[in-house]
Structures are given as structure tokens and as C-alpha cells.
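Undergrad: Once you've had a glance at the structure underneath, I'll fire off some questions.
Nothing in this text is a laboratory measurement; each read-out follows from the coordinates by a stated rule. Model, not experiment: these values are computed from the prediction. Please note: Cβ atoms are built from the backbone with ideal geometry, for glycine as well, and neighbour counts cover all protein chains shown.
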Amino acid sequence: MDNIIQGCDMQAKLCDVFVCISSNKPENNIEFIGGRSVRKHHFSLNYNSARSNIRYYEGESYRLCIIGTPIIRDRINPEYIDQLAREQKLNEDSIKELNGSFLIILYYIKEKTLLLCSDRFGSVPFFYFIDQNSLFASISFSTLARFLNLQGKATLNREAFFEFLHFQRLFGDKTYDNKTKFLQSASILKYSEESGICSISKYWTPSFEKNYRSMDAAAEELAFLLKSSFQNYTSDDRKYGLLLSGGLDSRIILAASDKKLDCFTIGDFKNREFRTASKAASIMSFPHHFIPRSEEFYSEMCDSASWLGNAMNTYDHAHFFCLNKIAGKVDVMLHGHGMDYLFQGLYLPSYRVVFLGKKTLMYHTKDITQDIAAAVINELKYKLKSIDIGTMLQPKIMKQVKSSLYDSITVEVEARKKLGCENAYDIWDWLVLDNIARHYTKLNLQSISTNLEERTIAFDNRLLDFYYSLPIEYRLHAEVFKKALAKLNPKLGTLKNANLNIPASAGPRLSSLLHFYTLFWYKLGFKEKGPPAPEDRSWPNRDVTTKKWKSVKDKVYQLTTSEHLNSLELISKKKLQKVIDTHYGGFKSHSDILLSLITIDRWLKMVDPTYFGDGFEDDFIY
């Protein structure tokens, strides 16, 4: 049975945590409306507690903030970290025992020492700035950047903006400010207030030793690990929901469930994606609800999403701002994020095999051994596709900025070699998966968390170890993943994948044959038998976003005259105008680059302390 959740308009309750240690100007701080402020000597912690996965503890000798869902001995247990802090036993060994998605902020009062600890995935974004015996840090780079602008401390990193435009994300610890860094995965940052010395150590690195057990044995193990992770992330007896699509990522979470879930599908109307999800929920006898997006959803979200994603995700990835009306039905929202890039070979360096002039659904890996950095720059599948962004640069900086991109990725490659990773494909895997809070779709998850607590079943240490142990050929065609799905629930394993309109269990050869079969029927006019049309997808075609709504078009046309965008001295106005004319003239789609540039432009305006337009002061100044 399915129900329609009416009135789910775009809403965003933006949460934040801000840390300050400053002996120079303790009054330089941020407080959030409706939030809490904790001060001790020169240390202050300010947070907006609208989200239930931000927890605060204090004792005589310490102040502690935990963000996320730390798991110890197969249960969510933040109190265990509080105990470690109280006994001063939070160290490299004890942190290694922690599972789940978390960020720990711990200040020892007597020692005047701050510890910041990230999980193995780097799943919680955290940014820090250190200067002249002061440290400022936040889960929101937007908040931190605006604060630094107010203090006159910010210096823009032009090359980082170029990297974002090329990859739709940033790598390593860089940000748009030259002195602000991202806290990377499996890291412990220690900062002494008295000396101003900061040190960072890694408490864990992956093992890349491959396990060539049979695919069937690997599938058994994956099924077991998914069920275990599901049980861990639902160990606190809350009301759980699942964002269920017609694809396989969320379906395998559904199959691994040992609890009844309320399932939700979002869309403009009840399309094939919804109908397939409804069948999947029905197999499990779970309630299924449809959430229609508002007509102006992708035009209304621009500023909120640009701020929330720190302009490090293109704003239209904030698909889940519309969950405000279901907060009473569920407390925690689960989803299938990570299943595709972990176990379905989504970002492996590969190409589709061609048979009789037609692309099949069989893949071969590409040779990346000669120059890994160049391969990442040229072959990474989520990079900008419509145009080589380098051709849009101002001529005077073109060579320097393009060179900086190669240097940036080379640094990341060499850093992994120094940590003992030598195989080119292992380096690729580690680079692409590491610091997952920087993934180009992270804004998906952040938009959920504006209305509900969000948990990612994929962020499990044992699943991560299992991923790194899998040979590429086990992931290339998602065969282990599909077998695991079938073992968890055979009926869900045979239900069609809405993304291809073929059975989920089909192997690469059968998938290719059935793919040709669906194309044949589609050409004969039988659309229901064919591959999905754009309107059958979960998200609208980006051309719809840039061409349908006047407010978005206005933002595109304002790009060439934008003071803030032009202050970067990065993009040639003349070349940008040509791209805009080509796009709206219908000659070639450039929605990807235009939406990314809108995101940067709106963000630069919002972090400018002189900007108070479009209700910004109501939405973002806490």
C-alpha cells in the first residue's frame, strides 16, 4: 500500500557546530539562535542542537561534543566515548575500536589541549583554521568562511575553485581558503592552546591484501556484513525510515533489514522509479509512501543548498530538503548511499565493451599504471563532462591553474605511496573513496539531516575492510553485490532494476542481451518495455532545472557580471557568455558547469559579510 505525504515543501533547518580557542580575542565568536554556548577559559563550543546526533557531555576536567553515530561492540554508544574522555583514555588504541560515522571534539581543561578525531571514512565534514595561537573550527565551512571574512583573515584559494569545477568535489585537505583545512579520515588532531602547536596523526590505514575466495563465498560474507551493519545502526530503538528508489542501492538495505521500516520515495509524480520501489516494499510487507516535490523545488533551494554544501557540492544535489512533513513518522532516515561506489564498480577506471557497434553492459578496466594522477584527472567518471573547464579559464592564468590541478592530485597519489600503497588500482580506490564527506553527492545526505537524523549503513569498518579486500573483477560487474542481494531476499533479487528495466540478478552477458531487447522495444514505441526515460529517474534532468525556472535562468545570465564570481579572476567572461549562449540556444547542454558556477557565485555572496540580500540574514545568521 502506498500513501502520499502532502505538503512537503523545501525546508532546511541548518545545523552547525563552531569551536573557538583564542587567547587574543575571546569575544570573536559565533552563537547560534536557539543553540547552546559552552565556554571555559579561552575555549568555547557553540552548537545548534536541532539535530539529535549532536551530543554534548562535560566533566570537571573536560568538555566533549560527539557528532554522528559512534558504534562500539555492535551498539550505538556515545556514552562509551564520554567514559573514555572522563578517564583520559581517548587515544589511538581506543579510537581504533570505534565503528560507525562520527567526529569527536574533546577539550581537556587543565592541559588546555583540544583533540579532534574523525572516523575511518572521513564521513563527517570538519574544517579548521589555525593562526597566531588561535583555532577556529566548524562542521560548516560556510560558517567558518564568513567568520574569517568578518575577521579579515580569509584568503581565497583560486586553484581549489578550479578543482571543484573540474571534479565536482575537492580532494585532500584543501578548501577555498588558503589556511583553512579539512580534517581527513582516520585522523587525530591535537592542538595545544599554550604552545599553539598542532599535530595530526593517522590511527588507521587500509589493508589492500586481496582475498580471492569464490564469488559465492564473498556474497555470503557481504550479506552477513550488511545485516550486521543494519543491526548496529538500528540498535537504539528509534523509529526508522528508508529512502527507497527503484534501483539496487537502497533495495539491498531493504533486504538486510530485520525491522519494519516505513519506506519513502520522492519524485515529481509516480513514475517507474516509484512503481518499482512500491513493489519492493510490498515484497517485504512494509508501508510505502510517496513524497511529491514542490513545483519550484530546485529553484527555491539554491541559496540554502549552496550554503549547506559549502559550495563544494553543486547545489542541486540537495534532493531531500522536502522531508519536513515526515519527521513525526520516523526519527532516523536510512538509505542506500555508498552501495554503488563500494560494491557495484561505479567509479572504477573502466570502459564499456562494444559488440557489433553497440555498447554492451560488460566492462573492461583501463590501464592507469603509467600516470595515475593524469588518469584520475581524465577518467574519473563524475568529473565535468560537457566541456573542458580549462578552456574557459582566463588566458593569463590558464597554464598555472591547470598545472596546479595535476600537482594537487600527484600529492594525493604520492601520499598514499608513502603509506605503503603501491598498486595503481588500490591507489585509485583509496583516493576516490577516502574522505567521503568530500564526495560530490555528500549534499544528498546533508539535506536529509536538515529535517531528520540520517544514517549510512555503508559506513561500517568491516564493510570497508571487505571492500578493500575485493579484487576489481569482483566489483566490475557488481556480481558479488547482486548475489548478496539474492541471498538476502530472492524475490528482491529478481525484481527489475528501474535504472535499466532488467532483472536485478542478471549477469553482465544477460544484462547486455536484455539491454538490447529493451532498446528494440523502445524504438518500436513501447516505452514501458524500454530503458528509463528522463522522467522515470529519481531526479530531473539538469536541463529542466536550468531552462524551466526563470529564477535559475536569471542567476545564469547574471554570472558574467557577478562581482563575486569575477573577483576570483578565474573564468573568462567572454568564454562564459559563449557557453551560456550555446546552452540556451539548444546547441549543447552545459547545465553541469552552469549549476556549479551558480553554486560558487551564490556562496561567495553569502560568505561576504557585507551581503544581506534575499532574506539571507533570516536563514543563515544564527
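Undergrad: Per residue, what volume in Å³ does the convex hull of the Cα atoms of the chain enclose?
TA: 156 Å³
Undergrad: Which of the three applies to region 59-210, rounded, prolate or oblate, going by the alpha-carbon gyration tensor with a ≥ b ≥ c and a/c under 1.5 meaning rounded?
TA: Here region 59-210 falls in the oblate category.
Undergrad: Any idea how far apart Glu379 and Arg75 come out in nm if each label point goes 7 Å out from Cα toward Cβ?
TA: 4.7 nm
Undergrad: Work out the charge dipole of region 542-620 with +1 on the Cβ of Lys and Arg and -1 on the Cβ of Asp and Glu about the Cα centre, then indicate which of Ile598, Ser551, Gln577 is farthest towards its positive end.
TA: So the residue furthest toward the plus end is Gln577.
Undergrad: With just the Cα atoms of region 251-377, tell me how far they stretch along each of the three principal axes, in Å, largest first.
TA: 54, 40, 30
Undergrad: For the chain, what's the relative contact order in percent, using C-alpha pairs closer than 8 Å and at least 6 residues apart?
TA: 18 percent
Undergrad: To the nearest 20 debye, what is the magnitude of the charge dipole of region 151-213 about its Cα centre, counting +1 on the Cβ of each Lys and Arg and -1 on the Cβ of each Asp and Glu?
TA: Here the size comes out at about 220 debye.
Undergrad: Between Asp216 and Tyr517, what is the label-to-label distance in nm when each label sits 7 Å out along the Cα-to-Cβ direction?
TA: 2.5 nm
Undergrad: If you don't mind, another one. Calculate the FRET efficiency for Lys40 and Lys418 from the Cβ-Cβ distance with a Förster distance of 41 Å, rounded to the nearest 0.05.
TA: So the FRET efficiency works out to roughly 0.60.
Undergrad: For a quick check: sort Tyr298, Tyr347, Tyr584 by the number of other beta carbons within 10 angstrom, fewest at the front.
TA: Ascending number of Cβ neighbours within 10 Å: Tyr584, Tyr347, Tyr298.
Undergrad: May I ask you to sort Trp430, Trp204 by Cβ crowding, counting other Cβ atoms within 10 Å and putting the fewest first?
TA: Listing Trp430, Trp204 from fewest to most nearby Cβ atoms yields Trp204, Trp430.
Undergrad: If you don't mind, there's one more thing I want to ask. What list of ³J(HN,Hα) couplings, whole Hz, do you get for region 185-201 from phi and the Karplus terms 6.51, -1.76, 1.60, once you set θ to phi - 60° and write x for glycine and proline?
TA: After applying 6.51 cos²θ - 1.76 cosθ + 1.60, I find 4, 6, 10, 10, 9, 10, 10, 9, 5, 6, 8, x, 7, 10, 10, 10, 10 Hz.
Undergrad: Between Rg and the Kirkwood Rh of region 383-478, both from Cα atoms, what is the Rg to Rh ratio?
TA: Radius of gyration over Kirkwood radius for region 383-478 works out to 1.05.
Undergrad: Per 0.36 nm of contour for each residue apart, how much would the distance between Met398 and Lys527 grow if the chain were fully extended, relative to their Cα-Cα spacing?
TA: Taking 0.36 nm per residue and subtracting the Cα distance, the gain is 41.9 nm.
Undergrad: I would also like to ask the following. So what is the calculated 222 nm ellipticity per residue for the chain, using -39500 (n - 2.57) for each DSSP H run with n of 4 or more, over all residues, to the nearest 500 deg cm²/dmol?
TA: -10500 deg cm²/dmol
Undergrad: Within region 212-261, which chymotrypsin sites (Phe, Trp or Tyr not before Pro) sit in a loop by DSSP and count at most 14 neighbouring Cβ atoms inside 10 Å?
TA: Of the chymotrypsin sites (Phe, Trp or Tyr not before Pro), the ones in loops of region 212-261 whose Cβ has at most 14 other Cβ atoms within 10 Å are Tyr212.
Undergrad: For a quick size check, give me the Cα extents of region 174-318 along its three principal axes, largest first, whole Å.
TA: Each principal axis gives a Cα extent; for region 174-318 these are 61, 49, 32 Å.
Undergrad: Taking the alpha carbon gyration tensor of region 542-620, what are the square roots of 5 times its eigenvalues, largest first, to the nearest whole Å?
TA: The answer is 23, 16, 9 Å, longest axis first.
Undergrad: If I model region 330-389 as equal point scatterers sitting on the Cα atoms and use the Debye formula, what is log10 I(q)/I(0) at q = 0.18, 0.23, 0.30 Å⁻¹?
TA: -0.84, -1.09, -1.19
Undergrad: Quick one: which residues, 5+ away or cross-chain, put their amide H under 5 Å from the amide H of Arg120? H built at 1.01 Å from N.
TA: Ala186
Undergrad: Using a Förster radius of 30 Å, what is the FRET efficiency between Tyr363 and Phe587 based on their Cβ-Cβ separation? Nearest 0.05, please.
TA: 0.45
Undergrad: Fully extended, how many nm does the chain gain between Lys110 and Thr391 (0.36 nm per residue separation, minus their Cα-Cα distance)?
TA: 95.6 nm
Undergrad: Give, as a single signed number, the net charge of other residues whose beta carbon lies under 9 Å from the beta carbon of Trp521, with Lys and Arg counted +1 and Asp and Glu -1.
TA: Neighbour charge sum, excluding Trp521 itself: +2.
Undergrad: Taking a ≥ b ≥ c as the square roots of the Cα gyration tensor eigenvalues, with a/c under 1.5 meaning rounded and otherwise prolate when a/b beats b/c, else oblate, which class fits region 127-216?
TA: Oblate.
Undergrad: What residues have an amide H closer than 5 Å to that of Glu454, excluding those fewer than 5 places away on the same chain, when H is modeled at 1.01 Å from N in the peptide plane?
TA: Those lying under 5 Å, H to H, from Glu454 are Met333.
Undergrad: Which far-off residues, 5 or more places away or on another chain, put their amide H under 5 Å from the one on Arg293, with H placed in the peptide plane?
TA: The list, which skips near neighbours in sequence, is Gly267, Asp268.
Undergrad: Sticking with this one: If you plug each phi of region 155-160 into the Karplus form 6.51 cos²θ - 1.76 cosθ + 1.60 with θ = phi - 60°, what whole-Hz ³J(HN,Hα) values come out, in order, with x for Gly and Pro?
TA: In residue order, the calculated couplings are 9, 5, 9, 4, 5, 5 Hz.
Undergrad: Given +1 on the Cβ of Lys and Arg, -1 on the Cβ of Asp and Glu, and no further charges, what dipole in debye does the chain carry about its Cα centre, rounded to the nearest 20?
TA: The dipole magnitude comes to about 1580 debye.
Undergrad: Run the Debye formula on the Cα coordinates of region 452-535, all scatterers equal and no solvent, and tell me log10 I(q)/I(0) at q = 0.17, 0.27 1/Å.
TA: -0.85, -1.24
Undergrad: A further question follows. Along the positive direction of the dipole of the chain (beta-carbon charges: Lys, Arg +1; Asp, Glu -1; about the Cα centre), which of Asn77, Tyr233, Thr314 reaches farthest?
TA: Result: Thr314.
Undergrad: Could I ask something else about it? Based on Cα coordinates alone, diagonalise the gyration tensor for region 266-312, multiply each eigenvalue by 5, take square roots, and list the semi-axes in whole Å, largest first.
TA: The three semi-axes for region 266-312 are 30, 13, 8 Å.
Undergrad: Put a dot 7 Å past each Cα toward the Cβ at Val354 and Gln88; how far apart are the dots in nm?
TA: That separation, rounded to one decimal, is 6.8 nm.
Undergrad: Next question, about the same structure. Using only the Cα atoms of region 45-87, build the gyration tensor, take square roots of its eigenvalues as a ≥ b ≥ c, and label the shape rounded, prolate or oblate: rounded if a/c is under 1.5, else prolate if a/b is larger than b/c, else oblate.
TA: Oblate, because a/c is 1.5 or more while a/b does not exceed b/c.
Undergrad: Cut-off is 10 Å between beta-carbons; in what order do Val480, Val38 appear when sorted fewest neighbours first?
TA: Final ranking by Cβ density, sparse to dense: Val38, Val480.
Undergrad: Test of understanding: what is the full-extension gain from Thr610 to Lys578, defined as 0.36 nm times their sequence separation minus their Cα-Cα distance?
TA: My answer for the length gained is 8.4 nm.
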